[in-house]
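Each remark here refers to the structure printed beneath this line.
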Amino acid sequence: MGRERPETPAVDEDVSPGDLDREVRSRLRGLSRPNAEQVAKHLVMAGRYLDSDPEFAHAHAQAAVQRAARVDVVREAAGITAYRTGRWAEALRELRTHRRLTGSNEHLPLMADCERGLGRPERAIRLAASPEAAQLDEAGRIELALVVSGARLDLGDPEAALVALADLRPRDRRLAARVAIARTTALEALGRAEEAERELSAFAPHELEAASGVPDEVEVLDLEDLAEEEGQGGTEQPAPDGKEEQE
């Protein structure tokens, strides 16, 4: 008796393949037209529900994988939605596949944070020190530094966590607030409460609240702006069982 295929999640009536970014749609050209249209709709749905219902978004990404497992943007969507739902081993596997298909290292911060989620902070730090990490743009390097800081805290070394954030001066206001929050966490762990309070004083409460969520580059899953990935958060949910392949 064969394995039952998972039930295909419903697609909203107003969703059209044309809602997907043109560049992303071009990556589906190797598929038959009917299949490409269905995959596109699932990717649109994954993006639409990533914030409000990440489990539903993940189901759509998985439906796309069932139809187009060899397409890089499909595996990218699968990895991001798995990350957003705390499926660390799955996210790491999918993002590694995306990297093999494209040669892109843009998702290294997410991959490193998945290692943290799997309880392997040493691997997160090692990944951040890899030659590939040096190829990231400024935002990517900052995101990776945030992961390293968290990994150092995981290892009980708040001083090293603070050092990991030294000299970071993001131009983006929200990213700057996230760096300030990370510094505050390290300073508080060191018992330097006054300094921690000063770190946050430059930001309004609504800025800090927004910065505590998932960064913009992960929220936008129409995949046109996924050149920057993040490595913050994502380690509060239980990690999945099982071991992932060595990096």
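Quick look at the numbers
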item	result
Label-point gap, in nm, between Leu155 and Ala129 - each point 7 angstrom along Cα→Cβ	0.7 nm
Inter-label distance for Arg171 and Glu55, nm, one decimal - labels placed 7 Å from Cα along Cα-to-Cβ	4.1 nm
Relative packing of 106-112, 57-63, which averages over residues the other C-beta atoms within 10 Å, highest first	106-112, 57-63
Segment 113-188, Cα convex hull volume normalised per residue, Å³	82 Å³
Estimated FRET transfer efficiency when R0 is 35 angstrom, pair Thr8-Leu101 (beta carbons, to 0.05)	0.90
Virtual spin-label span in nm between Glu23 and Glu195, 7 Å along Cα→Cβ	4.0 nm
HN-Hα J in Hz across segment 18-30 - Karplus 6.51, -1.76, 1.60, θ = phi - 60°, x for Gly and Pro	x, 6, 7, 3, 4, 5, 5, 4, 5, 6, 9, 5, x
Farthest toward positive dipole pole in segment 122-203 [+1 Lys/Arg, -1 Asp/Glu at C-beta], among Phe203, Leu162, Ala189	Phe203
Burial ranking of peptide ranges 203-209, 15-21, 39-45 (average Cβ count within 10 Å, highest at the top)	39-45, 15-21, 203-209
For segment 1-69, radius of gyration divided by Kirkwood radius, i.e. Rg to Rh on alpha-carbons	0.98
Trypsin sites (Lys or Arg not before Pro) within segment 65-164: DSSP coil, no more than 15 neighbouring Cβ in 10 Å	Arg70
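Just so you know, all these numbers are worked out from the coordinates, no wet-lab data involved. These figures come from a predicted structure and were not determined experimentally. Please note: Cβ atoms are built from the backbone with ideal geometry, for glycine as well, and neighbour counts cover all protein chains shown.
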